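Data block below; observations after.
The values are calculated or read from the model by the stated rules, or taken from the named source; none is laboratory data. Just so you know, these numbers come straight off a predicted model, no measurement behind them. Using ideal geometry, Cβ is built from the backbone for each residue, glycine included, and neighbour counts are taken over all protein chains shown.
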Amino acid sequence: MSQWTKITTLSEIPKLGSRVVRSAKGDIAVFRTDDDRVFALHDSCPHKKGPLSQGIVYGDKVACPLHSWQISLVDGHAQDPDEGQTACFSVKVEDGMVYLEL
Amino acid sequence: MEKMKLVVVGNGMAGMRTVEELLKISPDLYDITVFGDEPHPNYNRIMLSPVLAGEQTIDDIILNSREWYAENNITLHTGKKIHKIDRRLRMAFAEDGTFALYDRMLIATGSTPFMLPIPGKDLKGVIGFRDIKDVDAMIATAGTHKHAVVIGGGLLGLEAANGLKIQGMDVTVIHKNEWLLERQLDKTAGLMLQRSLEAKGLSFKLNMDTKQLIGENGHVKAIQFEDGSELAADLVVMAVGIRPNYALAESAGIHCDRGIVVNDTMQTFDPRVYSVGECVAHRGISYGLVAPLFEMAKVCANHLANFGIGQYKGSVTSTKLKVTGIDLFSAGDFTGNEDTEEIVLHDAVGGIYKKIVIKDDKIIGSVLYGDTTDGSWYFQLLRDGKPIHEIRDNLMFGQDSLGNTGHEGQDKVSAMTDEMEVCGCNGVCKGTIVKAIQEKGLFSIDDVKKQTKAGSSCGSCVGLVEQILVSTLGGGYAPPSSAKTICGCSDKGHEEIRQQIRDNKYLNIPDAIKGMAWRTPNGCATCRPALNYYLISTWPHEAVDDPQSRFINERVHANIQKDGTYSVIPRMYGGVTTPSQLRKIADVADKYAVPMVKVTGGQRIDLLGVKKEDLVDMWADLDMPSGYAYSKGIRTVKTCVGSEFCRFGTQNSTQMGIDIEKAFDHMWAPHKVKFAVSGCPRNCAESGIKDVGIIGVDSGWEMYVGGNGGIKTEVAQFLCKVKTSDEVLEYSGAFIQIYREEARYLDRTVHWIERVGLEYVKRRVIEDAEGRKAAYERLLYALQGAVEPWSERVKKRNEHKEFEDITI
Ligand code: SRM
Ligand SMILES: Cc1cc2nc3c(=O)[nH]c(=O)nc-3n(C[C@H](O)[C@H](O)[C@H](O)COP(=O)(O)OP(=O)(O)OC[C@H]3O[C@@H](n4cnc5c(N)ncnc54)[C@H](O)[C@@H]3O)c2cc1C
Ligand code: SF4
Ligand code: FES
């Protein structure tokens with residue numbers, strides 16, 4: 001059964017940046033956009049497993065640090081013409097606290 | 001709110017490109033209805049020649065499938081010809097009674113083949129070469145008959161003749177001029193072309209006027225010339241020119257003058273009605289190649305989307321014949337006159353002819369036959385109007401941009417087979433690229449990079465990719481202008497952006513993006529690092545350096561590796577180390593179980609495979625400065641032993657190198673900057689391939705700039721000779737500072753010098769002594785108080801969450 005797990009405060013994730021959560025389900029990258037939306041993806045690029053948490057974030061996308069595939073934070077899909085998807089996790093922010101559904 | 005209605009008349013290349021551009025920038029503005037009188041969805045008309053030659057099928061060349069129209073909610077009417085437009089009611093009527101209302105209309109009706117007004121022109125078997133129907137007719141006739149005649153020795157005629165020959169017919173080309181392709185080639189090249197085509201089995205009758213076509217039972221049987229002679233003909237293809245198709249627009253009362261007259265925003269005299277493509281007369285010119293039509297499409301889409309920016313100002317076009325095995329290229333005014341100069345190379349036996357026409361220090365035209373490798377380079381120089389005196393001596397021998405590493409040294413695409421690898425980084429073969437261009441409808445290097453990955457990594461094969469595009473698309477390929485925009489987020493070029501940052505004193509990325517009207521809220525991974533660099537280099541100590549806009553390497557001061565670990569390369573100034581330093585490195589390598597310790601090509605030591613969470617501890621233990629091996633900035637200063645030990649040394653090159661590396665430490669730049677200092681002309685530090693290479697001689701130091709030992713080996717050029725080591729610092733500092741202030745992000749020094757010219761650099765660095773001192777001062781000011789990043793991170797380890805993972 002999945003449950004909400006407290007991760008960190010929103011302010012501890014840099015804007016247009018990310019933090020890595022080490023979990024039983026593997027490393028999860030938790031991203032924060034410029035307008036304070038938060039997304040979580042498996043920290044592994046669909047191309048060659050690059051750590052997406054280390055990429056440059058813009059809009060609701062992240063550019064993988066290894067070969068610049070662009071991955072949507074919303075659904076984990078690689079942007080055209082690349083193909084592939086990274087697993088997504090649900091996140092929510094309540095009272096400045098970030099929760100991850102695991 | 002109800003959407004506006006856009007009706008497009010003409011389902012061809014220009015019309016649909018406009019719709020695609022419109023959907024890209026404003027997908028929800030219109031309900032779009034498209035009428036096309038051909039029964040097919042939009043296809044790549046250019047590729048009819050390869051289809052006729054049996055290299056492609058119709059299915060391969062569809063650009064927009066019916067599904068594409070459906071996915072984009074476009075109502076598509078195929079096989080329906082619009083025969084009336086009522087501009088008062090704002091309605092378009094098709095011949096079968098279908099109609100559509102419009103708020104705005106786009107007319108893109110293309111052109112029709114011109115049929116010579118001679119007796120017999122309406123006989124069966126007499127056709128043009130314009131659409132799928134014509135190609136079907138040609139292939140069908142080739143199956144049953146033998147004699148084909150093509151009237152017109154232009155591009156279209158020769159491609160038709162070549163295709164019919166491959167389909168098995170005996171083909172004769174009738175041409176009324178003295179040589180073939182007289183609008184594209186001068187006489188010499190025209191005759192060379194004729195010889196090659198004759199070798200392929202085609203026959204020619206030049207200087208011939210056709211009198212009439214003779215029929216039997218309503219079908220063409222022979223062609224008769226003015227001199228009375230005759231030739232058997234089961235099929236006659238007229239390829240004597242095209243006429244813009246403007247009858248419909250004219251009947252609707254829209255002003256036409258040998259084409260639909262449009263202004264620079266592609267608007268006709270009725271402001272609701274736009275027009276693009278071959279049907280248009282823009283500033284009195286109608287174009288018959290796709291590159292200009294695509295430029296029109298971009299401008300038109302922008303105005304249809306109500307953005308109101310962009311003007312079409314006309315195009316210079318180039319030509320390439322799409323007949324396999326024949327390499328010819330021409331552009332601009334290649335005939336010349338008494339006011340022009342020519343550079344000509346003619347090797348009749350080798351089958352090579354090259355002519356460049358120059359006026360007022362600029363290329364105005366060029367014809368190439370047999371070796372077209374540098375066609376797009378000349379074309380780019382022509383379009384950009386670049387002065388050529390600095391490169392004049394080498395002009396004829398080409399840009400040599402192709403002899404790069406990574407593809408077996410190949411630099412001529414025509415000599416490559418389909419299986420040969422073009423892109424060594426991504427393993428893409430020539431055949432794959434050709435197929436993608438033909439089947440996916442690609443028209444630019446960016447398209448090819450995106451679709452095939454060729455050229456998208458180190459970029460060394462881009463020259464080859466460009467050649468493949470030229471030979472596959474003919475004149476359909478237009479090389480990008482060198483004034484390129486920063487990325488898709490903005491229409492501005494690098495220089496304009498730098499100027500605006502200076503003029504408006506932008507000090508952070510959000511202000512810059514807002515002030516310069518970026519299309520995206522926070523840019524993208526291409527523009528943000530560039531903007532960040534432009535801000536901090538323009539306003540040192542004032543602009544905010546944004547870590548989130550830096551590539552990960554520069555954010556964490558280490559190089560990311562394929563498995564997500566990092567490498568640590570400490571500085572060893574001038575490549576000099578000590579036993580205690582080496583001991584410390586060894587201890588750290590042991591303590592953190594570093595998987596590999598390696599001597600780099602930059603004369604220092606690399607600790608590879610370090611976990612991110614160990615970085616800060618390792619730096620603390622190492623207690624050495626960062627080597628910036630990850631930076632767009634100062635990398636290494638390579639040195640040789642020099643006069644202190646070497647029996648040939650004339651200067652203390654080691655100390656000079658250490659001094660330089662210390663003076664310019666912590667410097668960011670548009671790309672990485674590498675120095676080398678050698679103690680004598682034997683040049684053991686390889687100064688000849690560095691951004692700044694210094695060579696000690698008995699009487700002082702020689703300085704070379706713009707070398708590069710990477711993707712494409714570039715030999716550094718001599719800048720000047722100075723006497724003292726202080727001068728070395730001042731001259732090289734000034735050079736680097738001007739590069740920092742003026743080059744585009746990701747330009748190495750060689751690329752920047754290529755654009756501005758070495759003369760310009762000499763003027764700024766050597767002739768202008770005050771300017772040089774001032775530039776050097778600006779560099780020193782920018783570097784004042786720079787902090788060493790590793791020790792800084794160690795000090796502030798608790799402030800940087802970047803290195804801390806959350807464990808749950
Ligand atoms: C470590 C080193 C190879 C080695 O084991 O010796 C190296 C490693 C890398 N080089 Fe290099 N280069 C290294 C010396 C060189 C040299 C030789 C030199 O500096 O004398 C060159 C050719 C000289 C030159 O640059 O003009 C060189 C030309 C390149 C290039 C092509 C640059 C170009 O303008 O053509 C790249 C790609 C780029 O920068 O975009 C590159 C990029 C890279 C990157 C950073 C790849 C990347 O973008 O991630 C490699 C990092 C590997 C890693 O995981 O750490 N490396 N690289 C060398 C480090 C030198 C140092 O001490 O700092
Ligand atoms: C065989 C061949 C080879 C070519 N090779 C090259 C090349 O190598 N390089 C290059 O740059 N260019 C080449 N071209 C030229 C290029 O194909 C054209 O410049 C381009 O297709 C013109 O685009 P367009 O949209 O203006 O016209 P088109 O693509 O012709 O589209 C116009 C469409 O409108 C339709 N239409 C017209 N009137 C009506 C109406 N009243 N109602 C409904 N529909 C209507 C037509 O049927 C047609 O489908 C070649 C052309 C041909 C025929
Ligand atoms: S170290 Fe340099 S040459 Fe070697 S694989 Fe990496 S980028 Fe290529
Ligand atoms: S691993 Fe992400 S782009 Fe290659």
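Residue B:525 meets the stated requirement of being aliphatic (A, V, I, L, M), under 22 Å from the mean Cα position of the chain (by Cα) and within 12 Å of chain A (Cβ to nearest Cβ). For region B:550-575, the candidate set comprises residues that are of a type in the set (Val, Ile, Thr) and closer than 18 Å to residue B:597 by Cβ; within that set, the residue that is nearest to the other protein chains (Cβ to nearest Cβ) is B:565. One residue alone among B:332, B:314, B:351 is on the phi > 0 side of the Ramachandran plot and touching a helix residue (DSSP H, G or I) at 6+ places or on another chain (Cβ under 6 Å), and that residue is B:332. Out of A:66, A:73, one residue alone is away from ligand 2 (no atom under 16 Å from the Cβ), surrounded by 13 or more Cβ atoms within 10 Å (Cβ to Cβ), hydrophobic (A, V, I, L, M, F, W, C) and at pLDDT below 95. It is A:66. All told, residue B:30 falls short of being surrounded by 16 or more Cβ atoms within 10 Å (Cβ to Cβ) and within 11 Å of ligand 2 (Cβ to nearest atom). Note on region B:539-592: residues that are under 25 Å from residue A:16 (Cβ atoms) and in a helix (DSSP H, G or I) total 8.
If I ask for residues that are surrounded by 20 or more Cβ atoms within 10 Å (Cβ to Cβ), over 15 Å from residue B:137 (Cα atoms) and out of contact with any Lys or Arg (no Cβ under 9 Å at 6 or more places or on another chain), which ones from region B:163-180 would you list? Residue satisfying the conditions is B:180 alone. Residues that are touching a Gly at 6+ places or on another chain (Cβ under 9 Å) and either assigned to a loop (DSSP other than H, G, I, E, B) or within 16 Å of ligand 4 (Cβ to nearest atom) (or both) within region B:28-39 comprise B:37, B:38, B:39, listed in sequence order. Where residues in region B:664-696 are among the aromatic types (Phe, Trp, Tyr) and either assigned to a strand (DSSP E or B) or at positive phi (or both), which of them is farthest from ligand 4 (Cβ to nearest atom)? Here the answer is B:675. Residues of region A:84-96 that are more than 13 Å from chain B (Cβ to nearest Cβ) and on the phi < 0 side of the Ramachandran plot: A:85, A:86, A:87, A:88, A:90, A:92, A:93, A:94. With respect to the conditions (1) more than 14 Å from chain A (Cβ to nearest Cβ); (2) of a type outside the set (Phe, Trp, Tyr); (3) not in a helix (DSSP H, G or I), residue B:737 lacks only one, and its number is (3).
So for region B:531-549 (the condition being surrounded by 21 or more Cβ atoms within 10 Å (Cβ to Cβ) and facing chain A (nearest Cβ under 9 Å)), does at least one residue qualify? Yes, that holds for at least one residue.
Scanning region A:16-30 for residues that are within 7 Å of another protein chain (Cβ to nearest Cβ) and either of a type in the set (Phe, Trp, Tyr) or not in a strand (DSSP E or B) (or both) gives a single hit, A:16. Does residue B:623 satisfy the condition of being touching a residue at least 12 places away in the same chain (Cβ under 8 Å), away from ligand 2 (no atom under 16 Å from the Cβ) and on the phi < 0 side of the Ramachandran plot? Criteria not met by residue B:623. The number of residues in region B:138-150 that are over 37 Å from the mean Cα position of the chain (by Cα) and of a type in the set (A, V, I, L, M) comes to 4. Candidates B:607, B:582: the one that is away from chain A (no Cβ under 14 Å), surrounded by 20 or more Cβ atoms within 10 Å (Cβ to Cβ) and of a type in the set (A, V, I, L, M, F, W, C) is B:607. Could you go through region B:74-93 and let me know if any residue there is within 31 Å of the chain's Cα centre (by Cα), assigned to a loop (DSSP other than H, G, I, E, B), under 21 Å from residue B:271 (Cα atoms) and away from ligand 2 (no atom under 12 Å from the Cβ). Looking for residues that are within 31 Å of the chain's Cα centre (by Cα), assigned to a loop (DSSP other than H, G, I, E, B), under 21 Å from residue B:271 (Cα atoms) and away from ligand 2 (no atom under 12 Å from the Cβ), one finds none in region B:74-93, hence no. When the residues of region A:31-83 are narrowed to those that are more than 23 Å from residue A:94 (Cβ to Cβ) and polar (S, T, N, Q), which ends up farthest from the other protein chains (Cβ to nearest Cβ)? Once the filter is applied, the top-ranked residue is A:72. The residues listed here are B:747, B:768; of these, the one that is surrounded by 18 or more Cβ atoms within 10 Å (Cβ to Cβ) and among the acidic types (Asp, Glu) is B:747. Looking at residue B:59, is it free of Cβ contacts under 8 Å to residues at least 24 places away in the same chain and either more than 16 Å from ligand 1 (Cβ to nearest atom) or within 14 Å of chain A (Cβ to nearest Cβ) (or both)? Taking the combined requirement at face value, the residue satisfies it.
When residue A:6 is tested against (1) within 12 Å of chain B (Cβ to nearest Cβ); (2) under 11 Å from the mean Cα position of the chain (by Cα); (3) assigned to a strand (DSSP E or B), just one condition goes unmet, and that condition is (2).
Within region B:218-265, the set of residues being in contact (Cβ under 8 Å) with a residue 12 or more places away in the chain, in the same structural domain as residue B:91 (by TED's automatic domain parsing) and of a type in the set (Asp, Glu) comprises B:257, B:264.
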